[in-house]
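Note sheet for the following structure.
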Amino acid sequence: SDVLTTQPLFLPQDAAVPAKQQAELEGLLQKANRSGYPIRVAVVATSTDLGSVTELWRQPQTYARFLGQELSLVYHGPLLVAMPDGFGFEGFKPPLADEHAAVAGLSPTSGGPRLGAATVQAVQRLAKRAGHSLHVTAASQSTSGPTSSKTAPLIALALGALIIAVAWAASLRAR
């Protein structure tokens, strides 16, 4: 829940989702948000991804309700939880059966590429159900991806180091 308060995607490293699928998923979520369909997605590949509520492992719908309650102070839109056992939904307009029908036939069954591919398809189908057609394109992959989310901290670190160096040089000059 800590990640999803500020970002649309929780995708742990241990999920073993290939970088290409990570980029596709991040790009789809950006497109969805820009098109007026903000959705948050939690990919839960192992019980350790659940933090302190490991008893909700293999219960995607129950975990989706729990996570939706945790996020309720900062986020009120649709939330998709993807686990190897299937999908959980929270924050969608009733009836919930429509969400289950939208992802029918998708079987994440395990972590890695299957879980990644099923999650990408689930986001596309849910968005389509809400009237937003989202397609994976090379442009969405290049505008978002693992490198773009890792660049900001590096820039902040470099700027901080520069400020310290300037302040240090100014203090030496003042002496």
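Out of all DSSP beta bridges with both ends in region 1-99, state the antiparallel percent to the nearest 5.
Roughly 45 percent of the DSSP beta bridges within region 1-99 come out antiparallel.
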Next item on the list: Convert each backbone phi in region 68-73 into a coupling constant with the Karplus relation 6.51 cos²θ - 1.76 cosθ + 1.60 (shift: θ = phi - 60°), then list the ³J(HN,Hα) values in order as whole Hz, x for Gly and Pro.
Entry: x, 5, 5, 8, 4, 6
Margin query: Using each residue's phi in region 49-62, evaluate 6.51 cos²θ - 1.76 cosθ + 1.60 at θ = phi - 60° and report the 3J(HN,Hα) Karplus result to the nearest Hz, with x for Gly and Pro.
Written below: 5, 8, x, 7, 10, 4, 5, 8, 4, 6, 10, x, 6, 5
Checklist line | Heavy atoms of residue 128: accessible area, 1.4 Å probe, square angstrom to 10 | finding: 150 Å²
Notebook entry, point to check: Where nothing but the Cβ of Lys and Arg (+1) and of Asp and Glu (-1) is charged, how large is the charge dipole of region 1-126 around its Cα centre, in debye to the nearest 20?
Noted result: 360 debye
Next item on the list: Could you list which residues have their amide H under 5 Å from that of residue 134, counting only those 5 or more apart in sequence or on another chain, with H placed in the peptide plane?
Entry: 128
Note to self: For residue 9, what residues show an amide H to amide H distance below 5 Å, using hydrogens built from the backbone and excluding near sequence neighbours?
What the structure shows: 41
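Taking N as the number of residues in region 1-144, what value does Rg over Cα atoms divided by 2.2 N^0.38 Å take?
Working: Rg = 13.7 Å, N = 144, 2.2 N^0.38 = 14.5 Å.
Rounded to two decimals, the normalised Rg is 0.94.
The values are calculated or read from the model by the stated rules, or taken from the named source; none is laboratory data. Worth saying up front: this structure is predicted, and the values here are computed from it rather than measured. Because the Cβ atoms are built from the backbone with ideal geometry, glycine has one as well, and the counts that use them run over all protein chains shown. Protein only, heavy atoms only, side chains kept; ligands, DNA and RNA dropped before computing areas. Shrake-Rupley method; radii C 1.70, N 1.55, O 1.52, S 1.80 Å.
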